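Contents: one structure, followed by commentary.
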Amino acid sequence: MSATRSPAGIRLENLTLTHGRHPAVHHVSGRFAPGSLTAVVGPNGAGKTTLLRALAGLHKPESGRIAHEGTARIALLPQLAALDRAFPIACRDVVMQGLWPRLGAFRGVPQAERDRAARALAAVGLSGFEDRPVGSLSAGQTQRLLFARLLVQDADILLLDEPFNAVDAKTSADLLRLVREWHGEGRTVIAVLHDLDLVARDFPETLLIARDAIAWGPTGQALSAANRLKARMMAEAWADEAEHCHIAA
Ligand SMILES: Nc1ncnc2c1ncn2[C@@H]1O[C@H](COP(=O)(O)OP(=O)(O)OP(=O)(O)O)[C@@H](O)[C@H]1O
């Protein structure tokens, strides 16, 4: 990835996201500062994936706004389960998908870009996997592959949805090293995570969400016992059939 970065932050202005009539993210305001490394945590169903998809431009706000500070290339690492591993596609071609926004899906790929894909596979420890069908990979190898696809996108803002889910300690450490490198290069990294120990150790900023933003700021403060309890209670207070803007009793 290239070393020089233009500052790329994102502001949420009273952002509400819904699925049908269900609120998934509710009147959230705040800022992912340029170059920040933020964990998004919260109970199941708290709206974390929906928020990430909205930041990637894949989910339209019901109300409020997502304001980008600066011109940024954004890349999303979806949850591992979102990848169709039964589809017969080789690892090289999965990595190449990361080049589509720049090269188009159906154009020939220049040798330089093929080399870049090979380097990305090597960087995640998958040298020699170019022709392997994706369905033959273990969960950890598949997550490495998705990181290689992210690498070739050379994005200013990286959105990671449970990047260390279903991977062992070695893979997790290797991928975390990449995340730290991206942060060190001035990229803005936003990751949905469930492992609070990892968050406390490696993520300086945290957004604790339970549809509403419970806390957003330095991780030590955001993850206080009081805030975590509040997040649990808020998650229980939101019924799935709740009307937009109403908390069920
Ligand atoms: N496509 C969809 N259609 C209808 N409702 C949805 C859809 N996707 C998510 N939801 C609902 O929106 C709410 C938030 O879901 P989301 O996946 O964003 O939560 P999450 O915090 O990422 O959860 P988890 O930690 O379990 O992955 C949930 O109530 C969920 O059922």
Could you run through segment 113-150 and say how many residues are touching a residue at least 60 places away in the same chain (Cβ under 8 Å) and either in contact with a Lys or Arg (Cβ under 8 Å, 6 or more places away or on another chain) or over 26 Å from THR71 (Cβ atoms) (or both)?
2
Does any residue of segment 47-57 turn out to be away from the ligand (no atom under 13 Å from the Cβ), exposed (fewer than 15 other Cβ atoms within 10 Å of the Cβ) and over 29 Å from ALA148 (Cα atoms)?
no
Of ALA90, ALA67, which residue is surrounded by fewer than 16 Cβ atoms within 10 Å (Cβ to Cβ), of a type outside the set (D, E, K, R), more than 16 Å from the ligand (Cβ to nearest atom) and assigned by TED's automatic domain parsing to the domain that holds ARG232?
ALA67
Per-region count, segment 41-73, residues touching a Ser or Thr at 6+ places or on another chain (Cβ under 9 Å) and farther than 12 Å from VAL192 by Cβ:
8
Restricting segment 25-37 to residues that are crowded, with 23+ Cβ neighbours inside 10 Å and within 15 Å of the ligand (Cβ to nearest atom), which is farthest from the chain's Cα centre (by Cα)?
HIS26
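I'm trying to understand the selection: among the residues of segment 194-210, which are among the aliphatic types (A, V, I, L, M) and surrounded by 23 or more Cβ atoms within 10 Å (Cβ to Cβ)?
Hits for segment 194-210 are LEU207, LEU208, ILE209, ALA210.
Considering every residue within segment 112-129, establish whether at least one is closer than 17 Å to ALA81 by Cα and out of contact with any strand residue (DSSP E or B) (no Cβ under 9 Å at 6 or more places or on another chain).
No, that holds for no residue.
For the condition of a type outside the set (D, E, K, R) and farther than 20 Å from SER29 by Cα, what is the one hit in ALA117, ALA67?
ALA117
The values are calculated or read from the model by the stated rules, or taken from the named source; none is laboratory data. Keep in mind that what you see is a predicted model, and the values were worked out from it rather than measured. Note: ideal-geometry Cβ built from the backbone for every residue, glycine included; neighbour counts use all protein chains shown.
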